[in-house]
Every structure is written in structure tokens, then in C-alpha cells.
């Protein structure tokens with residue numbers, strides 16, 4: 001099953017969280033670049049909410065276009081990086097100063113999903129629910 005179907009299943013009450021995380025890790029996601037340069041110079045687009053940096057990621061160009069429309073920025077070019085969900089949480093999240101997670105398809109009211117900085121999603125060293133001194137889930 002693909003990521004959008006796993007999100008729908010979980011939101012509908014029939015999904016499996018483990019399958020959802022597996023699909024997220026295997027999915028190729030489109031991550032907009034910040035800075036607005038035609039060449040995509042700058043970092044990855046994100047926002048901070050509740051003390052967590054959320055990287056925006058989308059399952060396809062249509063989902064990213066809905067986000068652009070919702071922001072009132074549909075008229076500009078949206079350079080993006082295509083990367084695996086696993087790369088976002090295993091390589092990008094640990095580089096952030098503070099907790100970080102991934103917000104998938106945030107402009108889709110019934111199709112969005114947050115992947116927070118917790119054990120099982122991000123590396124334990126970046127998880128907010130792991131005691132760094134004992135490496136145990138809090």
C-alpha cells in the first residue's frame with residue numbers, strides 16, 4: 001500500500017501505525033526548498049509550531065500545489081528536493097538544533113499526517129521521548 005493509502009487507513013481507524021511508518025520511510029517525498037530561488041538554493045522549507053520544527057513534505061506535485069495555493073503563493077516557482085522519508089528522519093532531523101519532525105501533505109485536511117520526533121520515527125538521539133542519559137523511552 002502507498003503512503004497516502006496508509007494515511008487514509010489510519011485516519012479512518014483501520015490502519016496500522018507500524019505499516020504507516022514503514023510506508024513513510026519508503027516513500028519518495030517532495031520537500032520544497034526555502035529561499036524561493038529558481039535553483040532551489042537555501043534550506044528545506046519548514047515551520048516551527050509547539051517548539052518543534054516541522055519539515056514540509058508532499059507525496060506528489062499536486063499535493064505541493066495545494067499547499068502553494070493555501071499559502072497564496074501559487075504564482076511562483078516551487079523548487080523542491082525529492083528524497084526518501086527515511087532520509088528526512090535519519091539524516092536531516094538529527095542535524096536540526098532542537099526537535100524536528102515531518103508534516104506530510106499539510107494542505108490536505110483529510111490526507112495530512114504528522115511524523116513527530118519520537119522513538120520509532122526519528123533516531124533515538126533526536127527523539128523527545130527518549131532519555132538521552134539512559135536511552136530509554138520516557
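The values are calculated or read from the model by the stated rules, or taken from the named source; none is laboratory data. On a predicted model such as this, the values are computed, not experimentally measured, just so you know. A quick note on method: Cβ atoms are made from the backbone with ideal geometry, for glycine too, and the neighbour counts reach across all protein chains shown.
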Breaking point among (1) in contact with a strand residue (DSSP E or B) (Cβ under 8 Å, 6 or more places away or on another chain); (2) farther than 21 Å from residue 7 by Cα; (3) surrounded by 12 or more Cβ atoms within 10 Å (Cβ to Cβ), for residue 47: (3)
Check on residue 82, modelled with pLDDT of 95 or more and either surrounded by 14 or more Cβ atoms within 10 Å (Cβ to Cβ) or assigned to a helix (DSSP H, G or I) (or both): no
Members of the range 12-32 found to be within 14 Å of residue 105 (Cα to Cα) and either modelled with pLDDT under 95 or part of a loop (DSSP other than H, G, I, E, B) (or both), listed by number: 27
Residues of the range 112-122 satisfying the condition of being assigned to a strand (DSSP E or B) and modelled with pLDDT of 95 or more: 113, 114, 115
Verdict on residue 41 being touching a strand residue (DSSP E or B) at 6+ places or on another chain (Cβ under 8 Å), at pLDDT below 95, surrounded by fewer than 16 Cβ atoms within 10 Å (Cβ to Cβ) and farther than 19 Å from residue 128 by Cα: yes
Qualifying residue in the range 98-111 (condition: assigned to a loop (DSSP other than H, G, I, E, B) and farther than 27 Å from residue 2 by Cβ): yes
